[in-house]
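Worksheet: the structure to be examined is printed underneath.
The values are calculated or read from the model by the stated rules, or taken from the named source; none is laboratory data. A quick note: this is a predicted structure, and the numbers were derived from the prediction, not measured. Virtual Cβ from ideal backbone geometry, glycine too; neighbours counted across all protein chains shown. Each accessible area value is taken on the protein alone, full model and side chains, heavy atoms only, with ligands, DNA and RNA left out. Shrake-Rupley method; radii C 1.70, N 1.55, O 1.52, S 1.80 Å.
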Amino acid sequence: MKTKEVIIKTALKLFLSKGFNETSMNEIAGEVGVSKPAIYHHFKNKDELVQAIFDHFTSSISRWAKEYYAGCDREQRIEKMFSAAPLFMNIEKILLDDEAPDLPYSYNMFLLLMSRMKATNKSRISQDLCRTRQKINDMFGGLQQEGIIRDDIDPEALSLMMHTMIEGLSFIGELIDHIDVAGDSEKLYNTFWKLIKKENE
């Protein structure tokens, strides 16, 4: 693993362990095992490091999705998106290569904090969310063209519904003890699909 990637993952782990404001660049350098100047060789400040973490999220999710959805058609892809809700609730496992045991802060909490700290952070996070929503919208548009789902429902409304259901369930799963996120995601999918599926004529 390259030093820059190690710095990014170490910084994220510390941010989720101690908190963003409580973690210094000096502490990140010590945890990585390099000098403080070596950290600044790659990142001018913590803000630049945060942007690198956002990039790391985008590339990691892209790699994961390519494998997770391999061989799926549009209909199967939608079902698998619902099935991934438990994983989205623990997205840190993808970002930190499963080395995220019992971290006190989640990546979603980190995103919320970053979005409130700087408008540029909020804009970047928004871009990622909008990109996801557009992909879902494109899937529904394709399914309508194929005659698989009802064509009397706006695909943008469907993508909004699906996106918020999955994100919302993942968020609720972080807050409610003993919730069966996997089971609930399956119930949501079955109900949602029943409502939008085009009946055979």
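Quick notes
- Hey, GLU31 open to solvent by 70 Å² or more (accessible area, probe 1.4 Å) and closer than 25 Å to GLY141 by Cβ or not: no
- Across segment 161-174, the number of residues qualifying as open to solvent by 80 Å² or more (accessible area, probe 1.4 Å) and more than 17 Å from LEU87 (Cβ to Cβ) comes to 1.
- Residues located in segment 125-134, provided they are open to solvent by less than 40 Å² (accessible area, probe 1.4 Å) and among the charged types (D, E, K, R): ASP128
- The number of residues in segment 140-164 being assigned to a helix (DSSP H, G or I) and either without any contact (Cβ under 8 Å) to a residue 24 or more places away in the chain or of a type outside the set (Ser, Thr, Tyr) (or both) comes to 15.
- Test: residue in segment 56-66 that is out of contact with any His (no Cβ under 6 Å at 6 or more places or on another chain), of a type in the set (A, V, I, L, M) and buried (at least 18 other Cβ atoms within 10 Å of the Cβ): no
- Residue within segment 79-94 that is assigned to a helix (DSSP H, G or I) and in contact with a Cys (Cβ under 9 Å, 6 or more places away or on another chain) present: yes
- For segment 98-123, the tally of residues that are touching a Ser or Thr at 6+ places or on another chain (Cβ under 9 Å) and closer than 23 Å to MET81 by Cα stands at 1.
- Among residues that are touching a helix residue (DSSP H, G or I) at 6+ places or on another chain (Cβ under 7 Å) and not polar (S, T, N, Q), ILE149 is included.
- Test: residue in segment 178-201 that is more than 17 Å from the chain's Cα centre (by Cα), open to solvent by 80 Å² or more (accessible area, probe 1.4 Å) and within 21 Å of SER106 (Cβ to Cβ): yes
- Residue satisfying condition, being within 18 Å of LYS18 (Cα to Cα), open to solvent by less than 60 Å² (accessible area, probe 1.4 Å) and part of a helix (DSSP H, G or I), within set ASN108, ASN137, ASN121: ASN108
- Scanning segment 1-28 for residues that are open to solvent by 50 Å² or more (accessible area, probe 1.4 Å) and in a helix (DSSP H, G or I) returns THR3, LYS4, GLU5, LYS13, LYS18, ASN26, GLU27.
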